[in-house]
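Quick notes on the structure that follows.
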Amino acid sequence: MNKKKYTALFLLRKKDKFCKKFFKIVSADCKSSKVLWIGNDERFTLYKKVKKKYDYIFSYRSSIILTKKDISLANIAAINLHPGPPKYRGIGCLNYALYNKEKKYGFTIHLISKKIDFGKILFVKYFPISKNSNVSSLLYKTHKQCVKYSKFFFKNILSNQKKINFYKNKFKKAKWSKIIRNREDLNSFYRIKNFNLRDVNNKIRATNYKNFRPFIQIGSNKFLFETK
């Protein structure tokens, strides 16, 4: 039976229902916990905000990029739940996967290092992408899977920290891609440059979501696609 031996600091996205579920599930197995609800694209230096150390730092959908000093706040490990497979690092992973017509997608749990989406991989889970998937449906499926499998993964390491080495060994063949994409790359990706109808439809499928829409640009003027 889990004796709840470890403390944890959670870095989670504010007003995100999946982050709330994640926190409820994982914090139940912690001796004690603290959560920082972080706004989208919010930035701050963690060690200046948090004055004590925790056994673990768990990050999911957080915009905070941890420094070496931030990572040292975790006595055992700082771990990130990345909503994309190792092939896709940085942001916009799901968009690129849809555009590339991948047959499967997934998520990665890894140790946090100074480099983004680069630390030792602890767990990878894949699931199929259906032909009629779009950004909205695949996003929902991805985070549903993240929360589902987090339940047993984090329960295991919170019952015994040695399980981290077990997962390192189990997924030692999983490797990160050398390519990492940032906000500037993603903004550029939304621009339609190839006017072949098939490619236009593919770009719309891979980018259209709420207020985010593909566009064409003529000079300094942007024209957003109106999609249903």
Inset, instruction - State yes or no: is ILE204 touching a residue at least 24 places away in the same chain (Cβ under 8 Å) and at negative phi? - result: no
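So that you can scan it fast, the table gives a plain yes or no per residue for (1) of a type in the set (Val, Ile, Thr); (2) within 13 Å of the chain's Cα centre (by Cα):
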residue: CYS30; (1), (2): no, no
residue: ILE57; (1), (2): yes, no
residue: LEU81; (1), (2): no, yes
residue: PRO86; (1), (2): no, yes
residue: GLY90; (1), (2): no, yes
Inset, instruction - Among the residues of region 84-121, write down those that are within 15 Å of ARG205 (Cβ to Cβ), open to solvent by less than 40 Å² (accessible area, probe 1.4 Å) and out of contact with any strand residue (DSSP E or B) (no Cβ under 8 Å at 6 or more places or on another chain). - result: ASN95, LEU98
Inset, instruction - Give the residues of region 70-117 that are among the acidic types (Asp, Glu) and on the phi > 0 side of the Ramachandran plot, sorted by residue number. - result: ASP117
Inset, instruction - For region 133-142, state whether one or more residues are at pLDDT below 95 and among the aromatic types (Phe, Trp, Tyr). - result: no
Legend entry - Residue satisfying condition, being modelled with pLDDT of 95 or more and of a type outside the set (D, E, K, R), within set SER177, SER150: SER177
Legend entry - Any hit, region 85-105, residues being aromatic (Phe, Trp, Tyr) and assigned to a strand (DSSP E or B): yes
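The values are calculated or read from the model by the stated rules, or taken from the named source; none is laboratory data. All figures in this text were calculated on a predicted structure; none of them were measured in a lab. Reconstructed Cβ throughout: ideal geometry from the backbone, glycine too, with neighbour counts over all protein chains shown. Note: areas computed on protein heavy atoms with side chains; ligands, DNA, RNA excluded. Shrake-Rupley method; radii C 1.70, N 1.55, O 1.52, S 1.80 Å.
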